[in-house]
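Asks: Below you'll find the structure I mean.
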Amino acid sequence: MKKFLTIFLIFFFNLSSLFADDRIKELNKLFKDLKTTNYSIASKIEQEIWQIWSTHPNDENLTMLLNKGSSLVNELKYNKAIDIFSKAINSDPLWAEAWNKRATVFYLSGNFEKSQKDIDKVLELEKRHFGALAGQGLVNIQLKNYNKAIESYEKAKEIYPTMKSPDMMINQIKELIKKQSI
């Protein structure tokens, strides 16, 4: 029985590693394809990227936990959502999307410093996370770090050229800077 369990565990971990490698390869391909100038194609690629990010690579229960937290956010139950996302982070601190979801809730609840700390972790784990970069732009607007906000949106635009919010937000920030300098 012990021998069977050992063989099963070796197989499982090798399979998990294979899925992780496939996931990385698929994300790399999608990010390369995201450089398209065709908005419709880019939008479909974006959805595929979000699907991969929102699905835990090897734990269906964590994916369900993330979905539960997202439902709580939609119900405006931010404290409960933070608890759920924290539980997912504690279970797998290398899952960038759990950090991103919690960063979003911190932002929505007005805790911009905590949101920024979680965004820093997201970007440490997935430097191409255009959603976290856009969120970082919003956080920095609230913190009146306008140049840093513009930098965040510019980085998001480099990764995802047809993303609409960076251009719009950069223009709004520049107008805000102009008004404050008068």
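Asks: Can you pull out every residue in the stretch 120-144 that is among the charged types (D, E, K, R), free of Cβ contacts under 8 Å to residues at least 40 places away in the same chain and within 19 Å of Trp50 (Cα to Cα)? Before the answer, list the steps.
Replies: We begin by selecting, within the stretch 120-144, every residue among the charged types (D, E, K, R); these are 120-121, 124, 126-128, 144.
Restricting the remaining residues to those that are free of Cβ contacts under 8 Å to residues at least 40 places away in the same chain gives 120-121, 124, 127, 144.
Result: Asp120, Lys121, Glu124, Lys127.
Asks: Here's another thing I want to ask about it. Being in a helix (DSSP H, G or I), modelled with pLDDT of 95 or more and on the phi < 0 side of the Ramachandran plot: is that true of Lys121 here? Can you show your working first?
Replies: Values: in a helix (DSSP H, G or I): yes; modelled with pLDDT of 95 or more: yes; on the phi < 0 side of the Ramachandran plot: yes.
When the stated conditions are applied, Lys121 passes them.
The values are calculated or read from the model by the stated rules, or taken from the named source; none is laboratory data. Predicted model only: the values in this text are computed from it and were never measured. We place every Cβ from the backbone using ideal geometry, glycine too, and count neighbours over all the protein chains shown.
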